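Inspection log for the structure reproduced underneath, given as structure tokens.
The values are calculated or read from the model by the stated rules, or taken from the named source; none is laboratory data. Remember, predicted model here, so these are calculated numbers, not experimental data. Virtual Cβ from ideal backbone geometry, glycine too; neighbours counted across all protein chains shown. Just so you know, the surface numbers come from the protein's heavy atoms only, side chains and all, with ligands and any DNA or RNA stripped out. Shrake-Rupley method; radii C 1.70, N 1.55, O 1.52, S 1.80 Å.
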Amino acid sequence: MPPTFMKILSIETSCDDTGITIMEVKGGTENASFKVLANNLSSQVKIHIPYGGVYPMLAKREHIKNLPILLEKSLKETKLNKKQKPVDLIAVTYGPGLEPALWTGITFAQELAKKWSAVGRSVIPIVPVNHMEGHILSVFGKSKPARNASLSDSGGGTFKIRKLKTPTLSLLVSGGHTQLVLSKKWMQYEIIGETVDDAVGEAFDKVARMLGLPYPGGPEISKLAEQARLEKKQGSEGLRSAAGARIEQFSSKKIVYPEKLGFSLSLPRPMLKSKDFNFSFSGLKTAVLYKIRDLKKAGHELTHELVTELAHEFENAAIECLTYKTAKAVENYKIKTLIVAGGVACNKHLRNEMKRIVRQDLTIREVNLLFPESELNTDNSLMIGIAGYLNYIKNKKKVPKPQSIKATGNLRL
Ligand code: KG4
Ligand code: ZN
């Protein structure tokens with residue numbers, strides 16, 4: 001029998017965010033309740049800006065530096081005594097992600113488990129967590145402190161695992177992944193579609209770089225696209241129910257181009273009509289590159305106006321590909337719950353479009369659409385704690401020996 005009440009420490013280091021969360025948890029896999037005691041995240045974004053992307057060895061160095069600082073801060077906030085055994089369980093991301101970065105979290109977890117198991121005279125198990133399962137389960141989390149709303153990074157919030165109607169579909173969109181994950185049953189996963197080349201967040205970042213926008217490019221492109229949308233007050237209504245009509249509607253949605261330009265800035269929607277649930281973003285990225293080249297050839301400078309237009313059209317194209325295939329999968333698999341999570345789920349246009357489609361498309365309007373709290377879309381250790389606890393309860397007898405946990409960069413669900 002699992003203890004009715006335990007403390008769990010979770011660690012996230014798969015990419016460029018270092019996270020440590022401590023929570024108090026009780027209950028089973030379908031009704032667990034969590035209380036956030038401390039939730040601390042340190043972002044390395046500024047350090048990676050000069051490289052225009054995450055530089056793995058630098059990420060590793062930063063994680064090594066940040067982990068003890070965040071642990072100290074978290075223990076202080078929770079007033080737990082590190083000289084005794086402060087937690088009962090440790091959860092750590094072991095993949096997918098950058099292996100040098102993943103190893104820092106795993107090694108840290110192993111050292112802590114060893115130290116605290118010795119002082120507490122009882123073994124502290126380590127649950128290895130798949131980062132992508134964390135993103136799916138982040139939909140339940142609450143990162144905001146319940147007691148002191150002015151503290152942005154320390155927790156006190158409580159939340160519960162709610163029973164979701166199955167089948168569930170998760171659209172996972174981040175800098176490393178673009179996947180459609182089907183769960184016919186709770187905590188069972190099957191990838192039914194994914195990108196065949198670049199992840200959507202990666203495409204946002206690379207296109208931003210081409211347009212001279214800073215890293216990470218997703219929020220920058222999104223800001224400009226919103227600005228363009230506001231200026232044009234462009235409507236995108238009129239969705240119909242059948243899948244065919246949905247394609248027609250999407251494709252006919254044209255943006256207004258600067259008249260003086262003389263040619264269209266329209267971009268392709270790769271694989272929109274393919275019969276599978278896969279995505280492709282590398283061609284879309286290259287199409288932006290060619291537009292920039294053509295513009296320069298025609299003697300146009302890449303003005304703020306043109307950058308805004310390209311950002312707008314790129315965002316429209318990328319989000320159409322995501323929402324169209326997702327809606328098709330919801331219809332095809334008779335999905336009851338749809339989760340949209342990962343860094344790109346911060347994108348306002350994606351959220352609005354997904355909501356609008358669910359509202360207007362008669363064939364999928366019954367689906368329950370869920371997004372995580374915006375702070376939990378990007379990488380965090382709170383979601384790792386949720387996934388870690390639920391997996392511990394589910395597979396308690398199969399928890400691996402701490403020293404056997406290995407970073408697995410290309411881990412799949
Ligand atoms: O999940 P995440 O924090 O890290 C990975 O696991 O990759 O996602 C980061 C990605 C970056 O590519 C970033 O540009 C993108 O999410 N992103 C966005 C937005 N905010 C973050 N992409 C589009 N629109 C946004 N508002
Ligand atoms: Zn992630």
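Put a dot 7 Å past the Cα of LYS163, heading toward its Cβ, do the same for VAL45, and the two dots end up 4.0 nm apart. Between MET6 and ASP276, full extension at 0.36 nm per residue minus the direct alpha carbon distance yields a gain of 92.9 nm.
Relative to the longest principal axis of the Cα atoms of the chain, the long axis of helix 99-120 lies at roughly 20 degrees.
From its DSSP helices (H runs of at least four residues, each -39,500 (n - 2.57)), the chain gives a residue-normalised ellipticity at 222 nm of -13000 deg cm²/dmol. Eigen-decomposition of the gyration tensor built on the alpha-carbon atoms of the chain gives equivalent ellipsoid semi-axes of 40, 24, 17 angstrom, largest listed first. Placing a pseudo-label 7 Å from each Cα along the Cα-to-Cβ vector at SER374 and LYS406 gives an inter-label distance of 4.2 nm.
In plain terms, the chain from PHE263 to LYS82 could stretch by 58.6 nm, reckoned as 0.36 nm per residue minus the Cα-Cα distance. Within the stretch 1-145, all pairs of alpha-carbon atoms sorted by distance into 5 Å bins from zero give the percentages 2, 10, 18, 23, 21, 15, 7, 3, 1, 0, 0.
Heavy atoms of the protein chains alone define the surface here; on that basis the stretch 61-130 has 47 Å² accessible area per residue at 1.4 Å probe size. When the surface is traced with a 1.4 Å probe over the full set of protein chains, GLU77 keeps roughly 60 Å² accessible.
Between ILE124 and SER117, the built amide H atoms are under 5 Å apart, and every one of these is 5 or more places off in sequence or on another chain. Computed from the C-beta positions of LYS296 and ILE191 and an R0 of 30 Å, the FRET efficiency is 0.15 to the nearest 0.05.
Relative to the longest principal axis of the Cα atoms of the chain, helix 382-394 runs at roughly 60 degrees. Ranking THR378, CYS321, VAL288 by how far each Cα lies toward the positive end of the dipole of the stretch 278-413 (charges on Cβ) leaves THR378 at the top. Computed over the stretch 311-392, the range of Cα coordinates on each principal axis works out to 39, 34, 16 Å, biggest value leading.
Charged side chains reduced to their Cβ positions (Lys and Arg at +1, Asp and Glu at -1) give the chain a dipole of some 1460 debye around its Cα centre. Solvent-accessible area of the stretch 268-389 (1.4 angstrom probe, protein heavy atoms only): carbon and sulfur portion equals 51 percent. Along the Cα-to-C-beta direction of LYS73, a point sits 7 Å from the Cα; which residues of the stretch 331-359 have their amide N less than 16 Å from that point? From the stretch 331-359, the list is empty. Database remark: amide H of ILE339 closer than 5 angstrom to the amide H of LEU169, SER170, LEU171, LEU370 (H placed geometrically; neighbours at sequence offset of 5 or more, or on other chains; Pro and chain starts carry no H). Once both axes come from the Cα atoms, what is the angle between helix 282-297 and the longest principal axis of the chain, in degrees from 0 to 90, rounded to 10? Value to nearest ten degrees: 50.
Summing charges over neighbours of LYS82, with a neighbour being any other residue whose Cβ is under 10 Å away from its Cβ, gives +3 when K and R count +1 and D and E count -1. For the stretch 67-104, trypsin sites (Lys or Arg not before Pro) are listed when DSSP marks them as loop and at most 11 other Cβ atoms sit within 10 Å of their Cβ; the list is LYS79, LYS83.
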